[in-house]
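**Q** One structure, pasted below without further comment.
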Amino acid sequence: MLWSGNDVEGFYTSHLVTGSGRHTQYGHFGPPTGRTFVARTIADCMIHRNKIYREWVVADTMAIIKQLGLDPHAFAGKLARSSFDKGLFSLDIGENRRLLGQYPPEAEADVSIAHNDIEAHTLRWLHEVFNGRMFGRIKDVYAPTCQYHGPLMKELYGVAAVTHQHLGLIGSIPDAAYSAQHICSNPCEEGGVKVAVRWLMEGHHLGYGILQDLGEPTGARLQVMGMTHYHYKDGKIVDEWNVYDELSLLVQVKLAEMARQSGSANAEAHGAS
């Protein structure tokens, strides 16, 4: 767990959890499959007087879906249909700042949310990599022997693997804009410092990358909510735990498809009349 704050103003905590279980009961995953699963979750909480009053949770639901042998497209379609039938045609996604007002991304990172030098450093290189597309910066901030613990329970090693994962995400959403929403850090008993970042990426499904379950590029507007924990030792990142949910992105693609089909059907109906 990483945290910031105090007992007067309250605390902000970021909890990294690896959960495991066996699917033995009927529920939102359908009839029990008897299969086991392991998945990571990060939960950020705002706490005052020992009560959680606000929480953000990113769970790797796609990892569970695949380990249970379920069809991601059928499951995502069911979730999208439920939202669509309630009148929700897309997520509440803000304007992509990448070309806001015909200007390129900001040259410098906004480090106003940082509490110390290592947090400011983290925000700067994240901005350079994800908004400036300077993926060569990864080799400067990660140790050669770094480990990457990613979505779908990926366990990868080395700078090239980390670069591939982050480049691949941008490959699926080429116009994505990255925004860090919160950051905190603590000294680590294992040595060094751990840093937690809650972030958003917004863009469109325009390319081929690591989000293979989304299929051919659809042009759908996408929002990725993610949380990442970094472990720095001797100034370099030795471990990264990165959590975002590919199922959420697939639901967004399905929802956009339903909205397009509905719009086409309405246009044809008006044309016929």
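The values are calculated or read from the model by the stated rules, or taken from the named source; none is laboratory data. This one's a predicted model, so the numbers in the text were calculated from it and none came from an experiment. Note: ideal-geometry Cβ built from the backbone for every residue, glycine included; neighbour counts use all protein chains shown. All accessible areas refer to the heavy atoms of the entire protein, side chains included, with ligands and DNA or RNA removed. Shrake-Rupley method; radii C 1.70, N 1.55, O 1.52, S 1.80 Å.
**Q** Taking θ = phi - 60°, what integer Hz values does the Karplus form 6.51 cos²θ - 1.76 cosθ + 1.60 yield along the stretch 40-54, in sequence order, with x for Gly and Pro?
**A** Listing the rounded values in order: 9, 9, 10, 10, 9, 10, 9, 10, 9, 6, 6, 10, 7, 10, 8 Hz.
**Q** Would you mind computing, in nm to one decimal, how far apart the modelled labels at SER82 and ASP7 are, each placed 7 Å from Cα along Cα→Cβ?
**A** Going by the 7 Å Cα→Cβ label model, 4.1 nm.
**Q** Something else: Over the stretch 99-247, with the other protein chains present, what is the accessible area per residue in square angstrom, probe 1.4 angstrom?
**A** Working: 6440 Å² over 149 residues.
Heavy-atom SASA per residue in the stretch 99-247 reads 43 Å².
**Q** Right, next: Enumerate the lysines that LYS154 could reach by cross-link, defined here as Cα to Cα under 24 Å, with residues fewer than 8 away along the same chain left out.
**A** LYS66, LYS139, LYS194, LYS233, LYS236
**Q** Remind me, relative contact order of the stretch 1-153 in percent, using alpha carbon pairs under 8 angstrom and six or more residues apart? Intermediate values should be presented prior to the final figure.
**A** Values: 170 pairs, mean separation 23.6, N = 153.
It comes to 15 percent, rounded to a whole number.
**Q** Let me ask you something else. For the chain, what is the charge dipole size about the Cα centre, in debye to the nearest 20, if Lys and Arg each add +1 at the Cβ and Asp and Glu each add -1 at the Cβ?
**A** Working: 24 positive and 30 negative charges, 120 e Å.
Rounded to the nearest 20 debye, it is 580 debye.
**Q** Over the Cα atoms of the chain, what radius of gyration and what Dmax do you get, in Å?
**A** In Å, with Rg to one decimal and Dmax whole: 20.0, 72.
**Q** Given an 8 Å cut-off on Cα distances and at least 6 residues of separation, report the relative contact order of the chain as a percent.
**A** On the way: 522 pairs, mean separation 50.7, N = 273.
About 19 percent, as a whole number.
**Q** Could you order VAL251, VAL243 so the one with the most accessible surface comes first? Probe is 1.4 Å.
**A** Numbers: VAL251 25, VAL243 5 Å².
Result of the area sort, largest leading: VAL251, VAL243.
**Q** I've got another one for you. Output the peptides 149-159, 108-118 sorted from most to least packed, where packing is the average of other Cβ atoms within 10 Å over each peptide's residues.
**A** On the way: 149-159: 16.1, 108-118: 13.7.
Listed from highest to lowest mean packing, they are 149-159, 108-118.
**Q** For the chain, which whole percent of the accessible surface, found with a 1.4 angstrom probe, sits on carbon and sulfur atoms?
**A** Numbers: 7600 of 14140 Å².
Carbon plus sulfur share of accessible area: 54 percent.
**Q** Would you please give the residues with an amide H less than 5 Å from that of CYS188, counting only those at least 5 places away or on a separate chain, with H modeled from the backbone geometry?
**A** VAL193, LYS194
**Q** Filter the DSSP H helices in the chain by two things, a Kyte-Doolittle mean of at least -0.5 and an axial alpha-carbon span of 27 angstrom or more, and list the hits by number.
**A** Details: long enough: 246-272 (39 Å, 0.02).
Once both thresholds are applied, what remains is 246-272.
**Q** Translational diffusion coefficient of the stretch 53-208 at 4 °C, 1.567 mPa s, Stokes-Einstein with Kirkwood Rh over Cα pairs, in µm²/s as a whole number.
**A** On the way: Rh = 18.1 Å.
Taking Rh from Cα pairs, D becomes 72 µm²/s.
**Q** Starting from the Cα gyration tensor of the stretch 150-273, take the square roots of the eigenvalues, sort them a ≥ b ≥ c, and report rounded, prolate or oblate (rounded when a/c is under 1.5, otherwise prolate if a/b is larger than b/c, else oblate).
**A** Numbers: a/c = 3.62, a/b = 2.61, b/c = 1.38.
Prolate, because a/c is 1.5 or more and a/b exceeds b/c.
**Q** Something else: Take ALA259 and ARG54, extend 7 Å from each Cα along the Cα→Cβ direction, and tell me the distance between the two endpoints in nm.
**A** 2.5 nm
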